[in-house]
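S.K.: Pasting a structure here, questions to come.
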Amino acid sequence: MRAIVCNAYGPPEDLVLAEVADPVPAPGQALVRVHAAAVNFPDVLFVAGKYQIKIPPPFTPGNEIAGEVVAVGEGAAFSTGQRVFGTTFGAFAELALLDATTGAPIPDGVDFASAAAFGVTYRTAYHSLRSVAGVAAGDWVVVLGAAGGVGLAAVDLAVAMGARVLAAASSPDKLELCRQRGAEATVDYDNEDLKLRIRELTGDRARVVLDPVGGQYAEPALRGLARGGTFVTLGYAAGSIPAIPLNLVMLKNITVRGMEIRTFMDDYPQECTRDIAELSKLFAEGKIRPYIGARFPLAETAAALRYVADRKVLGKVIIDVT
């Protein structure tokens, strides 16, 4: 099969398309012919050797797939020909393995690209809103990086939960997309005072900030929170980890929480199971759908990762494998 291979840690441009051996499903696994794979910012970090977990090269990156089962291992909860999606490792390839614990059937009426784009970002956003921040209808939720994968998923889900969304992003086209997805207010944080605009637009009632960006935007967003608000840190797409003055947390009685999708199930198994069931229902009923802003063929996976690394993406980037 053809697969993207990282032979040494480095920039996306060092990735190569190569012929590698077909994977063989172990007990409980399915071998999936990948139709679509989604690109996430951590893929860039994995390739660079900068993620919390390091995979020794050579390896095939990518974590989200959607496709068709072509073979199953003993005891697998899948059947040949079934349309499935889920998280794995080695997604940027023509064939990938999928465990029963991390995969599921694609709902009727959902295409492969939407299924591939759904899992990681929407789960991250929903766990953050539902279990970490406890968002309720009518709450003001500020979303940084609101036109990116996690950000736009958070906008969609917060709106579906009845919250009021202030979307913060870096360009007019990104903010327009957020308004189209239901954001009530928007801030261009590269050209406006983020702290003051959060206070003005929410009437100083911003209860939650979701921050997948970090860098220079985190502190002014935290300063814009109302007293007793919750700040959820999700990632650092801006490239630097912010240092928050703890006196701000103390003086405003702010709660700072972290949410990391890889360990959430281990830390909060009951909440995770509940959230996934609720989220899957919303997806199956067509109440939420990922926005796909760009598509690349498998041979141009390096360009897709560069597109995400440079924060050009609107919504999700998809690799059309087939």
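S.K.: Taking the Cβ of Gln29 as the center, what net charge do the other residues with Cβ under 10 Å away carry, scoring Lys and Arg +1 and Asp and Glu -1? Walk me through the numbers before you get to the answer.
M.R.: On the way: positive: none; negative: Glu74, Asp99.
Net charge in that neighbourhood comes out at -2.
S.K.: Under a Cβ-only charge scheme (Lys and Arg +1, Asp and Glu -1), can you give me the dipole magnitude of region 1-58 about the Cα centre, in debye to the nearest 20? If you can, show how the numbers build up before the last one.
M.R.: Numbers: 4 positive and 5 negative charges, 32 e Å.
Computed charge dipole of region 1-58: roughly 160 debye.
S.K.: Could you state the principal axis extents of the C-alpha atoms in region 121-263, from the largest down, to the nearest angstrom?
M.R.: Here the Cα extents, ordered largest to smallest, are 37, 35, 32 Å.
S.K.: At 222 nm, what helix-only mean residue ellipticity would the chain give, in deg cm²/dmol to the nearest 500, using -39500 (n - 2.57) for each DSSP H run of four or more? The partial results should precede the final answer.
M.R.: On the way: 10 runs with 98 residues, N = 322.
Only helices count here, giving -9000 deg cm²/dmol.
S.K.: Then there's this: With N set to the residue count of region 15-65, report its C-alpha Rg divided by 2.2 N^0.38 Å to two decimal places. Can you show the working numbers first?
M.R.: Numbers: Rg = 12.5 Å, N = 51, 2.2 N^0.38 = 9.8 Å.
Taking the Cα Rg and dividing by 2.2 N^0.38 Å, one obtains 1.28.
S.K.: Shifting gears a bit: Considering the Cα positions of the chain, please state its Rg to one decimal place and its Dmax as a whole number of Å.
M.R.: Expressed in Å, the Cα Rg and Dmax of the chain come to 19.5, 59.
S.K.: Then there's this: Say R0 is 25 Å: what FRET efficiency, to the nearest 0.05, do Ala160 and Arg205 get from their beta-carbon distance? Write out the running numbers ahead of the final one.
M.R.: Details: r = 20 Å, r/R0 = 0.81.
Plugging the Cβ-Cβ distance into 1/(1 + (r/R0)^6) gives 0.80.
S.K.: Given an 8 Å cut-off on Cα distances and at least 6 residues of separation, report the relative contact order of region 121-263 as a percent. Each step should come with its number before you reach the end.
M.R.: Details: 315 pairs, mean separation 30.5, N = 143.
Across region 121-263, relative contact order equals 21 percent.
S.K.: For region 139-261, with every protein chain kept in place, what is the accessible area per residue (1.4 Å probe, Å²)? List each step's numbers first, then the result.
M.R.: Values: 4830 Å² over 123 residues.
Spelled out: the 1.4 Å probe surface of region 139-261, per residue, equals 39 Å².
S.K.: Right, here's the next one. If you put +1 on each Lys and Arg Cβ and -1 on each Asp and Glu Cβ, how big is the dipole of the chain around its Cα centre, in Debye rounded to 20? Numbers along the way, then the final one.
M.R.: Values: 30 positive and 35 negative charges, 180 e Å.
Once rounded to the nearest 20, the dipole reads 860 debye.
S.K.: Right, something else. Find which of Phe118, Ser128, Leu222 sits farthest along the positive direction of the dipole of region 86-241, computed with +1 on the beta-carbon of Lys and Arg, -1 on that of Asp and Glu, about the Cα centre.
M.R.: Farthest towards the positive pole: Leu222.
S.K.: Considering only protein heavy atoms and a probe of 1.4 Å, how much of the accessible area of region 121-263 is carbon and sulfur, as a whole percent?
M.R.: Details: 2670 of 5460 Å².
For region 121-263, the apolar C and S fraction of the accessible surface comes to 49 percent.
S.K.: Further, regarding this structure: Which of the listed residues, Tyr291, Leu248, Pro11, is farthest toward the dipole's positive end in the chain, when Lys, Arg count +1 and Asp, Glu count -1 at the beta-carbon?
M.R.: Leu248
S.K.: When the chain is fully extended, how far beyond the present Cα-Cα distance does Asp193 get from Asn247, taking 0.36 nm per residue of separation? Each step should come with its number before you reach the end.
M.R.: Numbers: separation 54, 0.36 × 54 = 19.44 nm, distance 2.10 nm.
Computed gain between Asp193 and Asn247 is 17.3 nm.
S.K.: Please arrange Tyr291, Tyr217 by accessible surface area, largest first, computed with a 1.4 Å probe and ligands excluded. Could the numbers behind the result be given before it?
M.R.: Numbers: Tyr291 80, Tyr217 15 Å².
Putting Tyr291, Tyr217 in descending order of accessible area: Tyr291, Tyr217.
S.K.: Residue farthest toward the positive end of the dipole of the chain, with Cβ of Lys/Arg at +1 and Asp/Glu at -1: which of Pro25, Ala71, Tyr307?
M.R.: Comparing the listed Cα positions along the dipole, Tyr307 ranks first.
S.K.: Same structure, new question: Give the total of Lys-Lys pairs in the chain with Cα-Cα distances below 30 Å; include a pair only if its members are 8 or more places apart or on different chains.
M.R.: Summing the qualifying lysine pairs gives 16.
The values are calculated or read from the model by the stated rules, or taken from the named source; none is laboratory data. Since the structure is predicted, the reported quantities are computational estimates derived from the model, not experimental observations. Here the Cβ is made from the backbone with ideal geometry for all residues, glycine too, and neighbour counts use every protein chain on show. Keep in mind that these areas ignore ligands, DNA and RNA; they rest on the heavy atoms of the full protein, side chains included. Shrake-Rupley method; radii C 1.70, N 1.55, O 1.52, S 1.80 Å.
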